[in-house]
Amino acid sequence: MTASGQWQALGEAFERRFGAAPELGVRAPGRVNLIGDHTDYHEGFVLPMAIERAILFLARRREDRRISVYSQTLNAGFEIGFDTEQRHPERWARYFQGVLSALSGRHPLEVGADVLIDADLPPGGGLSSSSALVVGFAAVVARLHGLALPPLELAQIGCDAEHWYGTTGGIMDQYVISHARARHAVLIDCRSLSHELIAMPGGVAVVIASTGTRHDQIASPFAERRREADAALSVVQARAPDVATLRDLDPDRHAHYRPDLMAAEPSGVLWRRSAHVVSENARALESAAALSRGDLPRMGRLMAESHASLRDDYEVASPELDAMVDAALASPGCIGARMTGGGFGGCTVNLVAADETAAFCASLHERYRRATGIEPTIFVSKPSDGVQEVPGSWFRVPGSGTGFR
């Protein structure tokens, strides 16, 4: 089905459910991180891209200050008001409450909405489905109130909404979802909240492979890893007050504080956690440079170093993620492979010679299935545009959108 055909079918579903035509359509993509994991909440550097899989929203205004949401993916819905103090019993509804809380703190909200959503972005797959949900919904509510929010404000609202929900991550996911451009990765400086578009070189395909195991920031030890890295920072700051975050350390300076970190925690946990953040920041910057000059072999080596660091120093890999990376490295056309996202399940990202993509995917599928007994989900994605309004004609409403830029 074409994109416009998909939207038309969704528009018809909206009319059947809500009894009137939608007036607004928004697409919010997922993301995959090429390199730079667990650095964003240390004000570091990351190199993600938006992907073609996305969450789709259709909406229209209602006058009673209520939000009615139905998900075709989940075959479920709920209704909430603008009062977000009492958390909804359905966990996924709390993301929407978080958006209303974050957005109403910046702008007055006066009108409610009927909202229909659909997605081909798997929840819990490490592809930022939750961030696509909050950024997309924030864009919907803002547009219905006549607000043209800049991408950075959308990202900040999305990040605040996820923190309201209960996660502790940084701003990478929301930032790339609101700022991305087709054919480019996005090098983000999470301190200055600025970015540089990095053109993806020709002749390379991005292959995303789901391990079939779920990533959940709240259920996983994600928050524990953050606390350990912050504890390492506190040890360093006792000797070096000028260090605001681990981003302020390069590998040489970090090594200077190894005796202090080992004295504070003889098992080496604080050293390893901080070592990952410091080295991953350096890898993110070097990876952007490698992609810019088309140095794919160097990019592949940096991806391997990143996966090893995430596995051994930050300890957020899993047997399934390791098996998927091993299977990729043994498959034809592989340039580089690593886990991506928060870890403890989810997906890997692979750079592959474009003319060997089919052979790579077939080999990866069979090798991983033999190693784990799990049927993986593997797909190719080009770098996508970020959140955007879609032409109204796609869902049978006159007029067209202008985007959020």
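Here, each number is a calculation from the coordinates, and none is a lab measurement. It should be emphasised that the depicted structure is a prediction, and the values quoted were computed from it without experimental measurement. No Cβ is skipped: glycine too gets one built from the backbone with ideal geometry, and neighbour counts run over all protein chains shown.
Using a basic spin-label model with each label point 7 Å from the Cα along Cα→Cβ, how many nm lie between SER393 and LEU147?
Roughly 3.1 nm, to one decimal.
What angle do you read, to the nearest 10 degrees and between 0 and 90, between the alpha-carbon axis of helix 129-144 and the longest principal axis of the chain?
Tilt relative to the chain: about 40 degrees.
What's the whole-number percent of alpha carbon pairs in the stretch 187-257 lying beyond 17 angstrom?
Considering the stretch 187-257, 68 percent of its Cα-Cα pairs are separated by more than 17 Å.
Can you give me the distance in nm between label points at SER192 and THR73, each placed 7 Å from the Cα along the Cα-to-Cβ direction?
My value for the distance between the label points is 3.4 nm.
Out of SER192, ALA232, LEU285, whose Cα points farthest toward the positive end of the dipole of the stretch 183-317 (charges: +1 Lys, Arg; -1 Asp, Glu; placed on Cβ)?
Of the candidates, LEU285 comes out farthest on the positive side.
For the ranges 33-45, 57-69, what's the packing order if you count other beta-carbon atoms within 10 Å of each residue, average per peptide, and put the highest first?
Most protected by this proxy first, the peptides run 33-45, 57-69.
Would you calculate the volume per residue, in Å³, of the smallest convex hull containing every Cα atom of the stretch 59-145?
92 Å³
Of ARG226, ARG214, ARG106, which has the largest mean-square fluctuation in a 10 Å C-alpha GNM of the chain?
Maximum fluctuation in the GNM of the chain, among the listed residues, is at ARG106.
Based on alpha-carbon atoms only, what is the radius of gyration of the stretch 315-405 relative to the globular estimate 2.2 N^0.38 Å?
1.47
Normalised by the number of residues in the chain, what is the relative contact order in percent for Cα pairs under 8 Å and 6+ residues apart?
24 percent
Roughly how big is the chain's charge dipole about its Cα centre, with Cβ charges of +1 (Lys, Arg) and -1 (Asp, Glu), in debye to the nearest 20?
Here the size comes out at about 500 debye.
Which of ALA113, ASN350, GLN174 sits farthest toward the positive end of the charge dipole of the chain, with +1 on the Cβ of Lys and Arg and -1 on the Cβ of Asp and Glu?
Ranked along the dipole, the leading option is ALA113.
With springs only between Cα atoms under 10 Å, which of MET49, MET172, MET262 fluctuates most in a Gaussian network model of the chain?
Maximum among the listed residues: MET262.
Quickly estimate the mean residue ellipticity at 222 nm for the chain, helices only: each DSSP H run with n ≥ 4 gives -39500 (n - 2.57), and the total goes over all residues, rounded to 500.
Value at 222 nm, helices only, nearest 500: -13500 deg cm²/dmol.
Per residue and in Å³, how big is the convex hull formed by the alpha-carbon atoms of the chain?
Numbers: hull volume 57.8 nm³, N = 405.
Per residue, the Cα convex hull of the chain comes to 143 Å³.
Compute the acute angle (0 to 90°) between the alpha-carbon long axis of helix 3-18 and the principal axis of greatest extent of the alpha-carbon atoms of the chain; round to the nearest 10°.
Computed tilt is about 60 degrees.
What does the charge count near ILE55 come to, summing +1 for each Lys or Arg and -1 for each Asp or Glu among other residues with Cβ under 15 Å from its Cβ?
Computed value for this residue: -4.
Under a Cβ-only charge scheme (Lys and Arg +1, Asp and Glu -1), can you give me the dipole magnitude of the stretch 84-208 about the Cα centre, in debye to the nearest 20?
Approximately 160 debye in magnitude.
Kindly express, to the nearest 10 degrees and within the range 0 to 90, the angle between helix 222-239's C-alpha long axis and the longest C-alpha principal axis of the chain.
50 degrees
What is the extension gain from ALA255 to ALA199, computed as 0.36 nm multiplied by their sequence separation minus the C-alpha to C-alpha distance, in nm to one decimal?
Additional length available on full extension: 16.8 nm.
When the chain is treated as a GNM, springs tying every alpha-carbon pair under 10 Å, which of PRO266, PRO251, PRO332 comes out with the largest mean-square fluctuation?
Maximum fluctuation in the GNM of the chain, among the listed residues, is at PRO266.
Net charge within 11 Å of ALA282 by Cβ-Cβ distance, Lys/Arg positive one each and Asp/Glu negative one each, not counting ALA282 itself? Don't jump to the answer; show the numbers that get you there.
Numbers: positive: ARG247, ARG283; negative: ASP250, ASP252, GLU280, GLU286, GLU305.
Here the count lands on -3.
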